[in-house]
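Working notes for the structure below.
The values are calculated or read from the model by the stated rules, or taken from the named source; none is laboratory data. Remember, predicted model here, so these are calculated numbers, not experimental data. Quick reminder, even Gly has a Cβ in these numbers, built from the backbone with ideal geometry, and neighbours come from all protein chains shown.
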């Protein structure tokens, strides 16, 4: 059994997707991030970085419980554990890991910063909004080009590279607008295909359940947001 600590953010959605695709038994432990639960002492013992997702595999290496945090590390751990969604052949394996890293170091951080300045920053951040919107569009252009001649990001097979990227890419229309969404026909067809997978349908239903049990970002207390974003009394600069 695997315990999954999380809420409904894209990085947590990745792990729901992987667990369902891999057929692993898991239990969801909602962590109310916008309620500040990640700063509780008990959770900090599991992840000193105070972030989700986090898993505790009760059948870890050697049969002992094992804790893993950071979404990319969790995906790699689960793929190695099950032998699924990560090719064994060296070139295909490297291709898959490279494209997963495009999400980890590019799409995710750029989208995250764009959302921050769009939803949470005070007025007067036109430069930041323009910069991060441009960076998001740049990475999306790269993904669109990749999918011109490959069915999946890692190549011929569905993999953890696709699982890492889908939770972000499915929000293109909501975050950038429908006209922008139409700029990426291959990427949007890829999103639609993944969304129809039975494991993905199950995973997204489970995500909806955990969202209903945790605080929405627009309901968070100002002090909690200040602590999450390192501003106000929590600023160190």
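Assorted remarks:
- Pairs are defined by a Cβ separation below 6 Å, a sequence spacing of at least 6 or placement on different chains, a first member in region 67-91 that is on the phi > 0 side of the Ramachandran plot, and a second member that is crowded, with 18+ Cβ neighbours inside 10 Å; the pairs so defined are 85/79; 85/159; 85/160.
Conditions (1) outside the structural domain of residue 228 (by TED's automatic domain parsing); (2) modelled with pLDDT under 95; (3) part of a helix (DSSP H, G or I); (4) surrounded by 14 or more Cβ atoms within 10 Å (Cβ to Cβ), marked per residue:
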site: 75; (1), (2), (3), (4): no, no, yes, yes
site: 96; (1), (2), (3), (4): yes, no, yes, yes
site: 102; (1), (2), (3), (4): yes, no, yes, yes
site: 106; (1), (2), (3), (4): yes, no, yes, yes
site: 122; (1), (2), (3), (4): yes, yes, no, no
site: 135; (1), (2), (3), (4): yes, no, yes, yes
site: 138; (1), (2), (3), (4): yes, no, yes, no
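- Among the numbered conditions (1) closer than 20 Å to residue 111 by Cβ; (2) surrounded by 12 or more Cβ atoms within 10 Å (Cβ to Cβ), the only one that residue 218 does not meet is (2).
- Residues in region 187-215 that are crowded, with 16+ Cβ neighbours inside 10 Å and without any contact (Cβ under 8 Å) to a residue 60 or more places away in the chain: 187, 188, 190, 191, 194.
- In region 39-66, residue nearest to residue 7 (Cα to Cα) [restricted to those that are touching a residue at least 40 places away in the same chain (Cβ under 8 Å) and assigned to a helix (DSSP H, G or I)]: 39
- Among the residues of region 218-237, those that are in a helix (DSSP H, G or I) and under 24 Å from the mean Cα position of the chain (by Cα) comprise 218, 219, 224, 225, 226, 227, 228, 229.
- Region 142-153, subset touching a residue at least 24 places away in the same chain (Cβ under 8 Å) and in a helix (DSSP H, G or I), residue surrounded by the most Cβ atoms within 10 Å (Cβ to Cβ): 143
- Search result, residues across region 154-192 that are outside any helix (DSSP H, G or I) and under 21 Å from residue 83 (Cβ atoms): 154, 155, 156, 157, 158, 159
- Of all residues in region 10-38, those satisfying the criterion of being in a loop (DSSP other than H, G, I, E, B) and surrounded by fewer than 19 Cβ atoms within 10 Å (Cβ to Cβ) are 23, 24, 25, 32, 36.
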